[in-house]
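Pasting in a structure now, in structure tokens, and then I'll have a few things to ask.
Bear in mind that the values in this text are calculations on the coordinates, not laboratory data. Remember, predicted model here, so these are calculated numbers, not experimental data. No Cβ is skipped: glycine too gets one built from the backbone with ideal geometry, and neighbour counts run over all protein chains shown.
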Amino acid sequence: MSGKDVLKEIIATSGGEFYTPLPHGYKPGKTKYVIITGSVMSGIGKGTISSSLCKGLQDRGLKVEPIKLEAYLNVDAGTLNPFRHGEVFVLDDGAETDLDLGTYERMLDKNLEEDNFVTSGRIYQTIIEKERAGKYLGRDVQFIPHVTGEIKNVIRELAVKSKADIVVIEIGGTVGDYENMFALEALRELHYEEGHENVCFINITYILQPKSLGEQKSKAAQLGIKRLIEMGIQPDIIVCRSESHLEEKIREKISLNTNVPLNRVFGVHDVSNIYSLPLSLRESGFDEMVLETLEWNKKFKTNGNKGLKEWVRKTSVSSKEKPLLIGIAGKYTGSSDTYISILKALEHSSFAVNRKIDVKWIETTEIEKGEQSVEKALKGVDGIIVPGGFGVRGIEGKIAVAAYCRKNNVPYLGLCLGFQIALIEIARNELGLRDANSTEFEPKTKHPVVDILPEQKKIEGLGGNMRLGGKDVEVKPGTIAAKIHGNAKKIRRRFRHRFECNPEYIEQFEKAGVVFSGKAPGQPIMQILELPKHRFFMASQFHPEFTSRPLKPNEMFLAFVKSCMR
Ligand code: GLN
């Protein structure tokens with residue numbers, strides 16, 4: 001029985017025990033599905049391998065659409081602490097997502113949307129809203145089939161909307177977590193309904209290599225994959241992540257214990273350059289094998305790897321010159337995932353200028369507490385980035401860093417909060433407003449040079465209600481911002497903020513030499529500032545890092561990096 005027949009049979013029982021809503025226009029078999037799960041542990045590069053596969057498939061001319069299913073109950077990632085969970089990545093449509101969506105956007109060089117990111121919280125929210133609206137027609141609403149049914153539905157909706165050849169579904173977390181049980185069950189059902197030729201299960205596992213033994217051990221991986229099989233999911237392909245090259249003996253053990261033929265067990269060991277992964281996966285036959293399991297081996301031929309080779313060449317730095325040292329003055333500096341898009345944007349610029357970039361983390365809370373002087377903290381850096389952030393901790397340290405950069409002609413790039421910090425610093429030290437501040441940090445300040453956006457005043461609660469997503473920025477002709485953006489009059493960038501430059505102080509700032517070179521069309525919201533006399537002092541209310549792409553580095557980052565080289 002093919003997938004189509006199974007679906008027909010299910011539809012015929014409408015009102016029975018099944019719950020398989022099919023979105024309007026859904027054609028079974030038109031879109032195929034690749035499902036990526038992880039076993040043994042998280043943090044082994046599931047998102048990287050998944051996005052590299054997407055890239056390889058895209059390179060063959062397939063229309064690929066990724067979707068990440070996150071297990072947590074938050075409706076989106078907006079309320080998550082970036083220190084615990086990594087950066088909140090903002091999409092053009094304003095969705096606040098997991099940082100993996102950034103990896104997919106950069107790898108595929110395309111904008112994703114809210115539908116490419118689904119949390120359990122969002123699924124439950126939909127279910128409760130539907131139940132209250134009486135949409136389940138008197139049925140008791142159950143985990144199976146309703147939760148699983150809604151999960152299948154969001155996936156199929158994406159298939160219809162995107163008209164993709166392949167939807168690549170990445171399941172957050174690890175097999176065996178209680179949290180993603182329903183997602184896995186939903187995908188088992190999807191496989192049953194769509195048919196084996198339309199669904200490919202890939203498990204990414206980890207091969208341990210304890211130092212004390214000095215050899216690879218496969219038991220944890222075997223047990224992890226067995227959990228999947230116990231749930232009725234037979235993986236088609238297994239990717240073994242490991243520190244060093246996968247031993248043949250291990251590949252055989254994995255194959256024997258998981259019913260996966262040897263030629264479908266792939267090894268991916270640690271590499272320093274993730275940009276080479278799509279090509280090395282291609283060379284190992286990985287994306288070919290995915291297409292074979294989907295019975296697509298005659299379609300979508302490669303172009304001889306030319307595109308992927310070109311990509312590897314363009315995403316590397318050949319120069320042996322001493323790397324630039326860029327300071328990032330933040331407060332979550334213990335985890336690089338917190339600022340991943342900034343690190344990536346720097347990397348994109350480094351490809352463009354063919355110069356390596358190292359990062360020095362500057363913990364602004366230490367400067368604030370007087371444990372470290374600014375001079376010492378900034379020693380040796382070629383330029384400074386003050387990234388986005390929330391809350392008062394570390395703020396005075398950041399203001400001290402901005403003051404140092406401004407007075408000592410050190411290149412400064414301010415991102416969102418870094419824009420507001422520059423305003424406070426200039427107000428205090430140039431406008432003579434000694435107690436200038438943002439009302440975010442000092443609600444009763446006498447000089448609120450940074451204040452809450454009028455539209456934000458009425459809003460209560462913290463979820464999904466900032467000024468969010470892609471918006472137009474009018475660039476003032478004749479400014480540095482205009483020059484670096486190729487004299488564009490309008491650019492589109494992504495925002496995530498509640499506070500802004502208080503319009504009442506604009507004139508005073510301008511008199512002191514601040515040029516507001518980017519504004520919101522038709523609104524007094526300042527979006528870029530620059531100091532023309534400085535070597536490079538620019539800041540934006542938006543996050544330029546979210547739209548930087550490997551072969552199209554963001555203009556502000558590139559200009560900043562170039563000024564650091566001078
Ligand atoms: N906390 C500031 C605001 O809400 C800056 C936000 C940010 O840097 N993303 O406006």
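Could you size up the charge dipole of region 305-402 around its Cα centre, putting +1 on the beta carbon of Lys and Arg and -1 on that of Asp and Glu, and report it in debye to the nearest 20? Don't jump to the answer; show the numbers that get you there.
Details: 16 positive and 12 negative charges, 117 e Å.
Charge dipole of region 305-402: 560 debye, to the nearest 20.
Sticking with this one: Hey, how many Å between the Cα centroid of region 216-286 and the Cα centroid of region 350-379?
39
If the only charges are +1 at each Lys and Arg Cβ and -1 at each Asp and Glu Cβ, what is the size of the charge dipole of region 109-249 around the Cα centre, to the nearest 20 debye?
Values: 18 positive and 24 negative charges, 57 e Å.
For region 109-249, the charge dipole is close to 280 debye.
Hand me the trypsin sites (Lys or Arg not before Pro) from region 29-73 located in a DSSP loop with no more than 13 other Cβ atoms within 10 Å, in residue order please. Could you put the intermediate results ahead of the total?
Working: sites: Lys30, Lys32, Lys46, Lys55, Arg60, Lys63, Lys68; in loops: Lys30, Arg60, Lys63.
Of the trypsin sites (Lys or Arg not before Pro), the ones in loops of region 29-73 whose Cβ has at most 13 other Cβ atoms within 10 Å are Lys30, Lys63.
For Lys110 and Glu9 in one chain, what is 0.36 nm times their gap in residues minus the Cα-Cα distance, to one decimal in nm?
Values: separation 101, 0.36 × 101 = 36.36 nm, distance 3.76 nm.
Residue separation times 0.36 nm, minus the Cα-Cα distance, leaves 32.6 nm.
Continuing with the same structure: Which value in nm describes the separation of the simple spin-label points at Glu131 and Lys458, placed 7 Å from the Cα toward the beta carbon?
3.2
Between beta-carbons, use under 15 Å as the cut-off and find the net charge around Pro261, counting Lys and Arg +1, Asp and Glu -1. Display every interim value, and only then the final one.
Values: positive: Arg251, Lys253, Arg264; negative: Asp236, Glu248, Glu252, Glu288, Glu292.
Result for the local shell: -2.
Moving on. With just the Cα atoms defining each centre, how far is region 521-566 from region 394-458? Give it in Å.
17
A further question on this structure: Starting from region 205-255, pick out the trypsin sites (Lys or Arg not before Pro) whose DSSP state is loop and whose Cβ has at most 10 other Cβ atoms within 10 Å. Walk me through the numbers before you get to the answer.
Details: sites: Lys211, Lys217, Lys219, Lys226, Arg227, Arg241, Lys249, Arg251, Lys253; in loops: Lys211.
Here the sparse-neighbourhood loop sites are Lys211.
Hey, could you get me the Stokes-Einstein D for the chain, Kirkwood radius over alpha-carbon pairs, 37 °C and 0.692 mPa s, rounded to whole µm² s⁻¹? Intermediate values should be presented prior to the final figure.
On the way: Rh = 25.5 Å.
The calculation lands on 129 µm²/s.
Among Gly470, Ala481, His447, whose Cα sits farthest toward the positive end of the charge dipole of region 436-487 (+1 at Cβ of Lys/Arg, -1 at Cβ of Asp/Glu, about the Cα centre)?
My answer, from the dipole projection, is Ala481.
Enumerate lysine pairs in region 109-217 that are 8 or more residues apart or on different chains, then count those whose Cα atoms are under 16 Å apart. Numbers along the way, then the final one.
Numbers: Lys110/Lys161; Lys110/Lys163; Lys130/Lys152; Lys152/Lys161.
Going through region 109-217 pair by pair, I get 4.
How much net charge surrounds Arg241 when only the other residues with a Cβ under 11 Å from the Cβ of Arg241 are counted, with Lys and Arg +1 and Asp and Glu -1?
Values: positive: Lys46; negative: Glu243, Asp270.
Around Arg241, the charge tally is -1.
Given R₀ = 25 Å, FRET efficiency for Lys356-Asn409 by Cβ-Cβ distance, to 0.05?
Calculated transfer efficiency: 0.60.
Another one. DSSP loop GluC sites (Glu not before Pro) in region 224-281 with at most 15 other Cβ atoms within 10 Å of their Cβ, which ones? Walk me through the numbers before you get to the answer.
Numbers: sites: Glu230, Glu243, Glu247, Glu248, Glu252; in loops: Glu243, Glu247.
Listed in order of number, the matching sites are Glu243.
Also, quick follow-up: Evaluate the charge dipole of the chain about its Cα centre and quote only its size in Debye, nearest 20, assuming +1 on the Cβ of each Lys and Arg and -1 on the Cβ of each Asp and Glu.
Working: 80 positive and 74 negative charges, 360 e Å.
The dipole of the chain has a size of about 1720 debye.
Of all DSSP beta bridges in the chain, what percent run antiparallel (nearest 5)? Kindly include the intermediate steps, with their values, before the conclusion.
Details: 24 of 74 bridges.
Bridges in the chain are about 30 percent antiparallel.
Follow-up. Starting from the amide H of Arg241, placed 1.01 Å from N in the peptide plane, find each other amide H under 5 Å away whose residue is 5 or more places distant or on another chain.
Amide H to amide H, under 5 Å and 5 or more residues apart or across chains, Arg241 pairs with Thr205, Tyr206, Ile207, Val268.
Using 19 Å as the Cα-Cα cut-off, could you pick out the over-long pairs in Lys219/Lys253; Lys322/Lys360; Lys331/Lys356; Lys356/Lys552; Lys471/Lys519; Lys356/Lys398?
Check vs 19 Å cut-off fails for Lys331/Lys356; Lys356/Lys398.
How many percent of the alpha carbon pairs in region 275-348 exceed a separation of 13 Å? Spell out each step's value before the answer.
Working: 2061 of 2701 pairs.
Result: 76 percent of Cα pairs exceed 13 Å.
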